[in-house]
Each structure stands twice: as structure tokens, then as C-alpha cells.
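Following: one structure in C-alpha cells, then a few remarks.
FYI, it's all coordinate maths here, none of it is from the lab. Computed from a predicted structure; not experimentally measured. Virtual Cβ from ideal backbone geometry, glycine too; neighbours counted across all protein chains shown.
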Amino acid sequence: MEAEAEAVRLQEARSGKIPWKKWGPYLSERQWGTVRGDYSEGALLQFYLFYGDNFKIECPTGSGNLMNLFEVAREIADRLTRIFLRDQSGRRPVFGGTEKSQTDPHWKDYFLFYEYFHGDNGAGLGAGHQTGWTGLIAKLIEIFGQVDPHELLNAGKGGLMKSEPKK
């Protein structure tokens, strides 16, 4: 039943009968599903524990670059983290076109906990008091600041929850 409802929603979106996109990528494209699933419980890192360094996939797709699952997880985490970092011109993607947030000294270093992010430019969208995505990205920064891939393989699942940052 749920798959049928999704097929109907996609057909309505393609036909233009219902403007699904006006609610953003969170609701209209379900783009968040894979990333959210991969990181909700550290799934890529769990798969890395099982497959180790020898299992490699192309990342990004079409690049010809092969990475193990730890490297893929770190690449995705780095991309998500860059939403909050300043670019070459000093602007943060998370603030989008909001000039006050981009330039005002009283606002430019304070982040809202956005409900979701624009898939093309990283701008924060939706409610500014949600902790899901922003909290997830904070957790990824913490994990990849602490975990070394070879130590993780040696330590197993317990290696994901170290209390000391790596040196």
C-alpha cells in the first residue's frame, strides 16, 4: 500500500497536477532517505566493520575513484559538514541568500538547527529549531574526529564510541 501511494505521488509530481516541490526536497524528492538511513545508526561504518578495507565502491559515482566504506562515509560526512563552513568568498552555504546571517557580526557565526537543507546549494530550509540534520552533522564531525579506520577494524563496534579524540 505504501509503495502504491509513493508511485501515485511521483506520477502526480511528474504531471504537475500537485506542486510537491513547493515543500522542498525533504518532502518532494525523498533525497534524505539514503543519507539519513546510512548515518542514523552509523550503517556505513557498520558495513565497513563487516567488509573491511577490501570491499570498495566507486565514489563519487562515475569518477572511477574506488573507496572502501569508511572512506565513503567520511566523504559524505565531509560534504555534509561543508554546508556549515565558509567558502572562498567567506559565505556559508547553510545561510543561503540571507545577508544578515552571512555578514552581520552578531549573526554570522550562529547556526539554526534546520529541518532540512537544499539539495543543490546547502541552504538551511524549514523550521530553524529542529535537531535532526544539524545534530546528525555534529555527530559526524565528532565520529570522524575520533575514529581511525584501522583502529576501528581492530576494536570492532566499540571503536565507534571512543571518548578520546584521535591525535
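Here the peptides 145-151, 114-120, 60-66 are ranked by packing, the mean other Cβ count within 10 Å, and the order with the highest first is 114-120, 145-151, 60-66.
Between residue 139 and residue 91, with labels modelled 7 Å along Cα→Cβ, what's the label distance in nm to one decimal, could you check? It works out to 3.1 nm between the two label points.
Approximating the spin labels as points 7 Å out from Cα along Cα→Cβ, the residue 81-to-residue 11 distance works out to 4.5 nm.
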